[in-house]
Structures are given as structure tokens and as C-alpha cells.
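I have placed the structure first, in the form of C-alpha cells, so that the comments after it can refer back to it.
What follows draws every value from the coordinates through simple rules; no lab data is involved. From a predicted model like this one, the values you see are computed outputs, not experimental measurements. Quick reminder, even Gly has a Cβ in these numbers, built from the backbone with ideal geometry, and neighbours come from all protein chains shown.
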């Protein structure tokens, strides 16, 4: 499904995606296109892209082809989703200890829509950190219950 979502092919493209959007949340999936977790989340992102298009824009960036942000954003996981609003990094408390990014696969479309909408609503209120609509402290890396 990553073939249907816009790819950011250089560091300049990533910067422009973050800088150019004034009204919507910028959602960037950093990872490797052939990673199983990335494939799962890309499918979910593709399926929800129309539903969130009024308040979010979704991009994909392969961290092997564009390593510019790997150190800056600590992109060490196979799959990471980061959120930006008006050139500001948006953080979300998922209960996992890492508020900077989502680095696990969520279980369904509505769950991902709820996360994106919650972050967007917080961004509209000027918040830099929002609390996820669900506590993910009890799940493992792949989004399964422990």
C-alpha cells in the first residue's frame, strides 16, 4: 500500500512537507518500505487517508534512502510515525514512555483515526503534548496484548 501514499524522497522533501502545511497535521511514517510493520501500518494509513484528509496529510519516508533525520529524530525502530503541525513536532503520550513518536502497530483503522484526530485537536488548541485516546502501556511492540 505504500505505493499509493506520497513518498518523501529527500531530506528537502521532508522539510518542505513539514513547512508547507499550515492547516493540517502532517503525519510522516518513517521506516523501511519492505518491513512487515511498515507494510501493516502503510495499509492502515492508505485506508484512512481519505477519512482524515480534511485535517491531516500523510507521507512516507524510507529511512535507508533518506537517513538525514535518523539521528535527529532517533529513528532506530523499524517503523515510526511522527506528527507535525505548523512546523512544530507534536508529541503524544501513549503510555509507553516515548512521547515523541508512535513506534508500534495499532490494531485498526478507527484507532489510528482517533489518534490522529486527538493530536490534531490538541494542536489546534496550541498544545505540544496530548494524551492518546487509549492507554498503550499494556501492549507489546507489535500492538498485541501482553
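Quick notes
- Top of 109, 125, 65 by mean-square fluctuation, Gaussian network on the chain, Cα under 10 Å: 125
- As computed over the range 1-76, the Cα convex hull volume per residue (Å³): 83 Å³
- Here the Gaussian network model covers the chain, with springs between Cα atoms less than 10 Å apart; of 114, 15, 93, 15 fluctuates the most.
- Highest mobility in the GNM of the chain, judged by mean-square fluctuation with C-alpha springs under 10 Å and restricted to 91, 72, 124, is found for 72.
- Between residue 121 and residue 135, the simple label model (points 7 Å from Cα in the Cβ direction) yields a spacing of 1.9 nm.
- Ranking of 46, 138 by count of other Cβ atoms within 10 Å, fewest first: 138, 46
- Here the convex hull built on the C-alpha positions of the range 2-131 has a volume of 96 cubic angstrom per residue.
- Every helix of 4 or more DSSP H residues in the chain counts as -39500 (n - 2.57), and over all residues that averages to -8500 deg cm²/dmol at 222 nm.
- Full-extension gain in nm, residue 4 to residue 51, via 0.36 nm per residue minus C-alpha separation: 15.4 nm
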